Amino acid sequence: MPDSLPTEVTVLTDVNVLAIALTEDHPAHKDVFPWIQNALDGPNVLLVFDYYPLRARYLMTSNFGVDDVAARNAIQSLVRSPARIISATETTLLKAYEISAAKNHDVYDSFIVALARAYDADYLVTTDRDFDDLCEGEDVKYANPIPAEKHEKLTLIDG
């Protein structure tokens, strides 16, 4: 994580970052939460793909051991926050496949880049470590706030 986080930027995350940020006892919570907090309480804007709250709740309860009620409350709080809930369009989906083919990368990660393009995100914050090449030539900056030594011990999901 950078010494100081960028300000007055738009941040798009993956589902793992959301789930980890909403799980206070997760080992990587302190690494990712500042990105979310600066978007909810500070000068940044958080973009949340509309399916991710549902998927994050599943990840929290199934993989992180969060109680169902606690997970539901955390997700509802996120949805009620200043975060912007965004959706994919037909164009976004087609762009994801174009990016995937052009950059020889999986379509799930390419979809996040397509969302970043569609919503002019400044930062793409993800737990994935293979976004350097994917974000090369893109307007969005890639950030993975989880240190490499901690990353190996985490349970994460694709998509």
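None of the figures in this text is laboratory data; all of them are computed from the coordinates on show. For clarity, every value in this text was computed on a predicted model and none was experimentally measured. Counting neighbours? That spans all protein chains shown, and the Cβs are built from the backbone with ideal geometry, glycine included.
Decide, for the range 20-125, between rounded, prolate and oblate: order the square roots of the alpha carbon gyration tensor eigenvalues as a ≥ b ≥ c, take rounded if a/c falls under 1.5, and otherwise choose prolate if a/b is larger than b/c, else oblate.
Judged from the Cα gyration tensor, the range 20-125 comes out prolate (a/c at least 1.5, a/b above b/c).
Could you tally up the Lys pairs in the chain with alpha carbons closer than 19 Å? Skip any pair fewer than 8 positions apart unless they're on separate chains.
Count of close lysine pairs: 5.
Tell me whether the range 67-159 comes out rounded, prolate or oblate; compute the Cα gyration tensor, take square roots of the eigenvalues as a ≥ b ≥ c, and use a/c under 1.5 as the rounded threshold.
It comes out oblate by the Cα gyration axes.
What do you get for trypsin sites (Lys or Arg not before Pro) in the range 83-159 restricted to DSSP loop and a cutoff of at most 16 other Cβ within 10 Å of the site's Cβ?
For trypsin sites (Lys or Arg not before Pro) across the range 83-159 that sit outside H, G, I, E and B with at most 16 neighbouring Cβ atoms in 10 Å, the list reads R129, K153.
So how far apart, in nm, are the two label points at T89 and D133 if each is 7 Å from Cα heading toward Cβ?
Here the modelled spin labels are 3.1 nm apart.
Just need the relative contact order of the chain here, percent rounded to a whole number, with Cα pairs under 8 Å and 6+ apart.
Value for the chain: 29 percent.
Counting Lys and Arg as +1 and Asp and Glu as -1, what is the net charge of the other residues whose Cβ lies under 13 Å from the Cβ of Q76?
Taking every Cβ under 13 Å from that of Q76, the sum is +2.
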